[in-house]
Each structure stands twice: as C-alpha cells, then as structure tokens.
1. Output the residue which, of all residues in segment 159-169 that are over 16 Å from Phe64 (Cβ atoms) and not polar (S, T, N, Q), is nearest to ligand 2 (Cβ to nearest atom).
2. Filter segment 142-154 down to the residues that are more than 11 Å from Gln106 (Cα to Cα) and not acidic (Asp, Glu), then identify the one that is nearest to the chain's Cα centre (by Cα).
3. So in segment 38-66, with the set limited to residues that are touching a helix residue (DSSP H, G or I) at 6+ places or on another chain (Cβ under 7 Å) and either farther than 29 Å from Gln161 by Cβ or not in a helix (DSSP H, G or I) (or both), which one is nearest to ligand 2 (Cβ to nearest atom)?
4. Just to be sure, is Glu115 within 16 Å of ligand 2 (Cβ to nearest atom), acidic (Asp, Glu), in contact (Cβ under 8 Å) with a residue 60 or more places away in the chain and closer than 30 Å to Leu157 by Cα?
5. Might you let me know whether segment 107-119 holds any residue that is charged (D, E, K, R) and surrounded by fewer than 23 Cβ atoms within 10 Å (Cβ to Cβ)?
6. Name the residues in segment 53-73 that are crowded, with 24+ Cβ neighbours inside 10 Å and of a type in the set (D, E, K, R), would you?
7. If I go through segment 151-172 residue by residue, how many of them are away from ligand 1 (no atom under 16 Å from the Cβ) and not in a helix (DSSP H, G or I)?
8. Can you name every residue in segment 170-204 that is within 13 Å of ligand 2 (Cβ to nearest atom) and of a type in the set (Lys, Arg)?
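The values are calculated or read from the model by the stated rules, or taken from the named source; none is laboratory data. These numbers were taken from a predicted model, which means no experiment stands behind them. When we count neighbours, we look across all protein chains shown, and the Cβ atoms used for this are built from the backbone with ideal geometry, even at glycine.
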Amino acid sequence: MKKNVFILLALGAMFAFVGCSQKPVKTIANLKEGIKGETTASAKYAAFAQKAREEGNDTIAKLFDAASKAESIHAANHTKVLEKLGEKMEPFTPQFEVKTTAENLQAAIDGETYEETTMYPGFLSDAETEKAVDAVKSFTWARDTEKKHAEFYKQALAVLQAGNESTLPFDYEVCPVCGNTYEAGSVDEKCAFCQTSRDQFVKI
Ligand SMILES: [Fe+2]
Ligand SMILES: [Fe+2]
C-alpha cells in the first residue's frame, strides 16, 4: 500500500515538472510567422530598392536598403529565440510583387502598419502570457522599428508625389542588435531601443 502511495506521489511530481517546463506553443507559432514576415520584408525591400534605382529614385532606394537590413536583423533575432526554445524554422520561399516605386512605398506602409499595430501587439500579448521573455524582447524591438519604418515610408511617398525625392536623406544607420533604423542627421549615440553604441551601427 505504502509503495503504491509512493509511486502515485512520484508520478504526481513528474507531471508537475513536465507541466512547468511546457513550451510556449503560441509564441513558437508566432516566432515562425514573424520570421516568415521579416524574411519576406527583407527580400521585398531589396527588390523595391532595385526598382527604385531603375526609376532613378536613389534616395528612396537607400531607404529600402536600410529597412531591408533592419528586417534581416529582426528575422535573425526571432530565429535565435526560436532555436533557444528547441525549435527550427521550416524552409519557405518569400512571396511578393514588385510594382512602381509609388505602389511599392504604399505596400511597404501597409505592411509596416499591420505589423506595428496588429501583428506584433498580438504576438506580445501571447508572449507575455506564456512568460517567453526572449520573445517579448525580440518582438518589441521589431514593433518599435516597424513604427519608424512606416513613418519613413510615408514621408518618402509624400515627397515622391511632390516630385522632391532629392530632398530625402541619402544615408542611414542601422543598429546591428535590434534593427533600429536612423536617418542621417538624427542618430543617437546609443541605440534608443537596446543601448548599443553608435560606433557599431551599420552604415547604409
Ligand atoms: Fe522588422
Ligand atoms: Fe538597437
């Protein structure tokens, strides 16, 4: 009898342990969706940059280059978090369309706005509930960067429509840790999101 009680207690302790170390299932799915979104955005912006150059819009091409770099950093950060959770990303092929630069800017505004106002807030809520602290950090850095990208793209579209694209900045700096993106002339000495010092920023 005593032996049976001991076995039951041991089983109970084992299930409690397994329960505590349960994986954050929603966050794992969200990380994979985030990696897909960021990888696709990075490839798409690189293609948009090429299109802008073909149209003679070199300043807008530089903005797309800077954002493409930032998105690749977000994808790498999400991938590190996913792998730390013992999971791997399945292979996939980014799908996107390249149109005129004005249309590409509008598509970029729509994509960044969706990520900043809908996608990442949902991911953050799940990650906080599941206490996935590394994911909270990676999602926060991406959300805050996308907000800046949306503003840069809105400014670029307005300037393009006014025919003044030469007035846009030509140089950008991207934080290699969090993807925070700065226009020349308004760069912090330390990244406002992750405190990385400016001397490590990638110049675009
Ligand atoms: Fe991003
Ligand atoms: Fe940063």
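1. Filtering segment 159-169 for residues that are over 16 Å from Phe64 (Cβ atoms) and not polar (S, T, N, Q), the one nearest to ligand 2 (Cβ to nearest atom) comes out as Ala162.
2. Ala142
3. Checked segment 38-66; the qualifying residue nearest to ligand 2 (Cβ to nearest atom) is Thr39.
4. no
5. Yes, some residue in segment 107-119 is charged (D, E, K, R) and surrounded by fewer than 23 Cβ atoms within 10 Å (Cβ to Cβ).
6. Glu71
7. Within segment 151-172, the first condition is being away from ligand 1 (no atom under 16 Å from the Cβ), and the residues that meet it are 154-171.
Add one more test, that the residue is not in a helix (DSSP H, G or I), and what stays is 162-164, 168-171.
Number of matching residues: 7.
8. Within segment 170-204, Lys190, Arg198 meet the criteria.
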